[in-house]
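The values are calculated or read from the model by the stated rules, or taken from the named source; none is laboratory data. Keep in mind that what you see is a predicted model, and the values were worked out from it rather than measured. Glycine gets a Cβ as well: all are built from the backbone with ideal geometry, and neighbour counts include every protein chain shown.
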């Protein structure tokens, strides 16, 4: 099985996904992760190793506690920065691009699912999804995609002290 398929399986595995979410804001030890996901630490070593091998977890730092080395794991590297991959660079970094994309879309789908399954329904949606089909030339499509990215970046520079929102912009030729 190729690494991209393994990443998809890991991202949609509830236990593995919970482990990644437990360390997306703050790095944690295995013991802290276990408490967060309500599991015994001894049952997390294999899943953590799997996530490490796929690049979905990293060790942020290690500290000596007595004679033992304590590792602090993080998944922050998957969501910390804006990214945009195109062309040859996208091909060369295919696994990273697919991983980032799947992680971000999964996070958005989880928020949308929580909104839809909440009882009572929330006053305001926490996620928005829209689909638009537009006929245009390749150049118009490239320009529009760029304009949307610039608008989002401009808004971010103008905002201070506001809540964080994530935008995933995927546009494609619809044959």
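Any residue at all in the range 87-99 that's modelled with pLDDT of 85 or more and either out of contact with any helix residue (DSSP H, G or I) (no Cβ under 8 Å at 6 or more places or on another chain) or part of a helix (DSSP H, G or I) (or both)? Looking through the range 87-99, none of the residues is modelled with pLDDT of 85 or more and either out of contact with any helix residue (DSSP H, G or I) (no Cβ under 8 Å at 6 or more places or on another chain) or part of a helix (DSSP H, G or I) (or both). Only a single criterion out of (1) part of a helix (DSSP H, G or I); (2) in contact with a helix residue (DSSP H, G or I) (Cβ under 7 Å, 6 or more places away or on another chain); (3) farther than 24 Å from residue 77 by Cβ is not satisfied by residue 129, namely (1). A count restricted to the range 154-171 and to residues that are touching a residue at least 24 places away in the same chain (Cβ under 8 Å) and outside any loop (DSSP other than H, G, I, E, B) stands at 0.
If only residues of the range 27-60 that are without any contact (Cβ under 8 Å) to a residue 24 or more places away in the chain, closer than 22 Å to residue 102 by Cα and in contact with a strand residue (DSSP E or B) (Cβ under 8 Å, 6 or more places away or on another chain) are counted, the one that is surrounded by the most Cβ atoms within 10 Å (Cβ to Cβ) is 58.
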